[in-house]
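First up is the structure itself, then whatever we jot down about it.
The numbers here are math on the coordinates, done by the rules we state, and not lab data. What you see is a predicted model; the values in this text were computed from it and never measured. Counting neighbours? That spans all protein chains shown, and the Cβs are built from the backbone with ideal geometry, glycine included.
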Amino acid sequence: MKYNSHNLSTLKKDGETMDELLGGRLVVLQKEKGYRFSLDSLLLASFVRLKKGDSVIDLGTGSGVVSLITAQRKECGKVAGIEIQEELVDMARRNVVLNGLQEKIEIFQGDIKRIEDIFGSQTFEVAVFNPPYRKMRSGRINPDEQKSIARHEIRGTLRDFLKASGYVLKRAGRAYVIYPATRMVGLLAGMREAGIEPKRMQMVHSHYTTRGEFVLVEGTKGGREEMKVFPPLVVYMESGEYTEAMNRIFKELSALPHAVS
């Protein structure tokens, strides 16, 4: 893989790890203790469908993982990531440089609740987001600020993310989201409220015998009513190894052509 190794000493900071992603296609800086990306990001990135030249906005980009993966696709145009936490903005920007994707990705610091301060309306063809999924008074708030903001609706609710998507998406633009299955009704209702019609859906199960944990949904701004429900995606076999379907996802993501040589 190619990355900005000559600048690594200035890009990597104390208390951070440098982890390979997708068989070494990408390298990601993360906090040793703090916010770290999870499998959710890979599932979301693999669910996104792109048309040639699509511009993409990654709402709540975190350390930039979904933006990095999406930008690798040859169909992808420019990618904008927006993140409210200054430390994560800095990390995402360094990850962009580390992977040589400065010509494809730009990271912005800002609040999605005030997205109009940064972007005009109807600016992007695609919006992706993995919003905080726990309500403020549900469960213990993690003492780590990065984790708590990523997991709980402290700085932005699902409705805020959907409203921001509806604002920045062009007519017939697509929104992609991963969200807990237990809150699926609220997600689908919220998408319609934001003018984004759910069009594709897939449940994610940890094992064949367990209940659905997450739901992946694609919606179209101003789309007509009709949704395709795909077969469930199961992550692990009884042995604890990844299923064939998951290995196929990893293989497809790892085989993405480099967008930047």
Could you grab the relative contact order for the chain? Cα pairs under 8 Å, six or more apart, rounded to a whole percent. 17 percent
Note to self, the chain gives a 222 nm [θ] from helices alone (DSSP H runs n ≥ 4, -39500 (n - 2.57) apiece, / all residues, nearest 500) of -8000 deg cm²/dmol
Modelling each spin label as a point 7 Å along the Cα-to-Cβ direction, I'd like the Glu32/Glu213 distance in nm, to one decimal. 2.7 nm
Assigning unit charges at the beta carbon (Lys, Arg +1; Asp, Glu -1) and nothing else, what dipole magnitude in debye, to the nearest 20, does the chain show about its Cα centre? 540 debye
Using the charge dipole of the chain (Lys, Arg: +1 at Cβ; Asp, Glu: -1 at Cβ; taken about the Cα centre), state which of Ile196, Val79, Ser239 has its Cα farthest towards the positive end. Ile196
Most fluctuating of Thr70, Thr61, Thr157 in the GNM of the chain (C-alpha, under 10 Å) is Thr157
Lysines with Cα under 16 Å of Lys33, excluding same-chain neighbours fewer than 8 positions away: Lys12, Lys13, Lys147
Find how many whole Å separate the alpha carbon centroid of region 194-261 from the alpha carbon centroid of region 69-89. 20 Å
Under a cut-off of 17 Å between alpha-carbon atoms, report the lysines in cross-link reach of Lys221, not counting same-chain residues fewer than 8 places apart. Lys51, Lys163, Lys170, Lys199
Just to be sure I understand: with springs between alpha-carbon atoms less than 10 Å apart, which residue in Ser63, Ser239, Ser121 has the highest mean-square fluctuation in the Gaussian network model of the chain? Ser239
Scan around Gly110 for amide H atoms under 5 Å from its own, H built in the peptide plane at 1.01 Å from N, and keep only partners 5 or more places away or cross-chain. Glu83, Ile84
With springs only between Cα atoms under 10 Å apart, run a GNM on the chain and tell me which of Pro131, Pro180, Pro198 wobbles the most. Pro180
